[in-house]
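The values are calculated or read from the model by the stated rules, or taken from the named source; none is laboratory data. Predicted model only: the values in this text are computed from it and were never measured. Please note: Cβ atoms are built from the backbone with ideal geometry, for glycine as well, and neighbour counts cover all protein chains shown. For the accessible areas, the whole protein counts, side chains as well, though only heavy atoms, and no ligand, DNA or RNA atoms are used. Shrake-Rupley method; radii C 1.70, N 1.55, O 1.52, S 1.80 Å.
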Amino acid sequence: MTTDLDAVTAGLTLEWSSGGVGGAVNRIKKIKRQLHGGAGFELPRRMILLQ
């Protein structure tokens, strides 16, 4: 618990966040799970670029 204290303090006090990047990564992972092996590279690429 005490090892996370610095991370929690930084998360509550700093102005910037990695939330936007995390959201983009989660969206890409969702698309990859939906297409799991059923498509080549081009279809997932188009889906990611269109969102």
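Taking Cα centre as origin and charging only the Cβ of basic (Lys, Arg, +1) and acidic (Asp, Glu, -1) residues, the dipole magnitude of the chain rounds to 520 debye. Taking a ≥ b ≥ c as the square roots of the eigenvalues of the alpha-carbon gyration tensor, the chain is classed prolate because a/c is 1.5 or more and a/b outweighs b/c. Set the Förster distance to 25 Å, then compute FRET efficiency between residue 27 and residue 6 from the Cβ-Cβ distance, nearest 0.05. Once the sixth-power term is evaluated, E becomes 0.30. With contributions of -39500 (n - 2.57) from each DSSP H run of at least four residues, the per-residue ellipticity at 222 nm computed over the chain stands at -20500 deg cm²/dmol.
Taking every protein chain into account, the accessible area of the chain amounts to 93 square angstrom per residue (probe 1.4 Å). Between residue 16 and residue 49, the simple spin-label model (points 7 angstrom out along Cα→Cβ) gives 2.9 nm. Place +1 on the Cβ of every Lys and Arg and -1 on the Cβ of every Asp and Glu in the chain, take the dipole about the Cα centre, and give the residue among 31, 12, 43 whose Cα lies farthest towards its positive end. Value: 43.
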